[in-house]
Structures are given as structure tokens and as C-alpha cells.
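Inspection log for the structure reproduced underneath, given as C-alpha cells.
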Amino acid sequence: SVLSSGINAEYGAYSCVACGIILHKTCINDVSRHCSLANKDSLKLITEIAPAHGLHEQNYCCYDCGSEIAYSATKVHVCDYNGRYYCSECHKKTPSVIPARILHNWDFKMKQVALQSHEIVSYLMEREYLNVEEINPRLFDTVSVMQEIRELREQIILFKAHFIQCGKALREGQFLKLRARQHFIDTSKTYTVQDLLDTKEGILLAELQGVVAEYQLHIRECGTCSHQKFLCAVCSVPPLISPFTDEYSIAQCPQCHGLLHRACFNRSQSCPYCTATLVNE
């Protein structure tokens, strides 16, 4: 990665513009590892459990520094994150959760990973948004708390439709109640690895239950929100619909959460908002 001399220049100190590590000028030649975040804008988490790789696929070289290694318990280590082999300098048996094991097995056990992998997972922990339903839709059937959280998040998207037209809600900063998880305001589909960790610890469910309770209170007490109704996107004719008072006569697109008359939903093949395929109930 590129080194900059902008920090402590009088002492000959350099810093990596990607990860921020600071080095003496005289120590630069001692660096053998590549910066894991050199191309951080293009980094993506591995979301499938890593298959076993053969050391021959790496030409018997460390996956990070490129030094020559051979099959030996003391010289070569396998990284649980990517299944690659590393030398003992690049793999310090650092413990880390494995995103793919969480997504597929709801397994949060710490595994030994290479320094490179640990840096990547740590960097993307709160930065990459994963569509869990696309990666493993069965997770919501086997982990009950994920189903509870999905329902709460779908409610939040419905509240958003009201709040963006309510001056009082904006003045009260209703959206700021989720400022630590702004992606929850944009969609009900994506999660960070940190969101999943917080789910496991019971933090996320309690947080969302509190936010939804506050949103429900606002809807009940706000003259604007309590009377808001919307046109059906299919027929665009009355009766107007509200997700909070007409729950038995309306249906909702599972993709974008658009509201439709139930009868219109049942005879439509695709959502007029997002073109998602609709499955009749």
C-alpha cells in the first residue's frame, strides 16, 4: 500500500494511507505483509463457509507474504475464514467470528484466522450490508429471534412512510432513534455482522422493540400520522388504506413494503412499486 510521510515527519515516520499503521522510515524495509485494506473500497466478506484448499494451489507459498512454506504443524497454519494457508508470521492464531458460519449455522464460536483475515473482518464488521434472506433464507425459519426482528423492521419501514410526511416526526428526530443503524431506515433486508452479533446477545431485539413502541405512541398521538391513508398502487381508487388501521383489508409487498388492497394484491402478478413477483395469499 502507499505510505505517506505526513505524520511526525521530523522523526521520519510514515503511515499507511489505507490502514493508518505508523512506521519509522528505517523500519519500512522490515515489513513483509501486504496491507489488508489496500483495496478496502472493493473488499467483500466471504459469505460461504470456506472449502478446504490444497497448499499446492498456493504454490507452497504463504497466502499473504508469499514466503515459501511446506506441510508442517509448526510452520503452516490454515485460516478458518478463507481456508488458505499462511506462515507463522502472518497467522498468529487470532480468534475471530466467521461471518459465513453465522449466516449458515448461527455459529458464533471464535475460530483461528490469519492476521489478514482478522483485519478484513474487523474492518467490514459494521460497514458491509448483507442481504441475509438472499444468502440463507432458512435462517429466519430456524432462528426465531431473526423472524421477530424481521417483523419489527418491516414495521419500521411502514412508520417511515408516515414520518416523511409528518413535520412533527421530523422535528422530534424520529429517524435519529436508529442513527446507529441507519440502514434499518432504508430497508428491512440488510444486516451487518455487528447487527447479527447484537441479535445473538439480545441487544438488537430489545432496541427495536423500544423504537417500535415509541413509533407506535407517536402514530397514536399525532393528528397527522393517525389520519394518514394511502392510495392503492394497483387500482388508485378508494378506499384509502392505512397499515395501522386496515390490517385485514390490505396486503404488503414483501420486497418494498408497498401497500395494496388485499383483493388487488391477490390478482396482481408483480408489485407496481418495485416489480417484485407477488405470491397470492
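Over 27 Å apart at the Cα level, from the set LYS44/LYS93; LYS109/LYS189; LYS44/LYS109; LYS40/LYS92; LYS111/LYS177, are LYS111/LYS177.
A 1.4 Å probe run over the protein chains yields, for region 169-273, 52 Å² of accessible area per residue, whole-number rounding. Residue ranking by accessible heavy-atom surface, 1.4 Å probe, largest first, among TYR85, TYR71 comes out as TYR71, TYR85. The phi-based Karplus calculation (6.51 cos²θ - 1.76 cosθ + 1.60; θ = phi - 60°) puts the 3J(HN,Hα) values of region 148-158 at 4, 5, 4, 5, 5, 5, 5, 5, 4, 5, 5 Hz, whole numbers, x for Gly and Pro. Distance between the pseudo-spin-label points of ALA70 and GLN216 (7 Å out from Cα toward the beta carbon): 6.8 nm.
3J(HN,Hα) couplings calculated from phi for region 207-223 with the Karplus curve 6.51 cos²θ - 1.76 cosθ + 1.60 (θ = phi - 60°) are, in sequence order, 5, 5, 4, x, 5, 5, 4, 5, 5, 5, 4, 4, 4, 5, 8, 8, x Hz; Gly and Pro show x. In region 129-268, the inverse of the mean reciprocal separation of distinct Cα atoms equals 16.1 Å; this is its Kirkwood hydrodynamic radius.
Report the calculated FRET efficiency for ASN59 and LYS93 (r = Cβ-Cβ distance, R0 = 30 Å), to the nearest 0.05.
The value I calculate is 0.80.
If you stretched the chain out fully between ARG179 and SER236, how much longer would it get, using 0.36 nm times the residue separation minus the C-alpha to C-alpha distance? Before the final figure, lay out the partial values.
Values: separation 57, 0.36 × 57 = 20.52 nm, distance 3.42 nm.
Once the chain is fully extended between ARG179 and SER236, it gains 17.1 nm.
The values are calculated or read from the model by the stated rules, or taken from the named source; none is laboratory data. Computed from a prediction, not measured in an experiment: that's the story for all the values here. Every residue, glycine among them, receives a Cβ derived from its backbone with ideal geometry; neighbour counts consider all protein chains shown. These area figures cover heavy atoms from the full protein model, side chains too; ligands, DNA and RNA do not enter into them. Shrake-Rupley method; radii C 1.70, N 1.55, O 1.52, S 1.80 Å.
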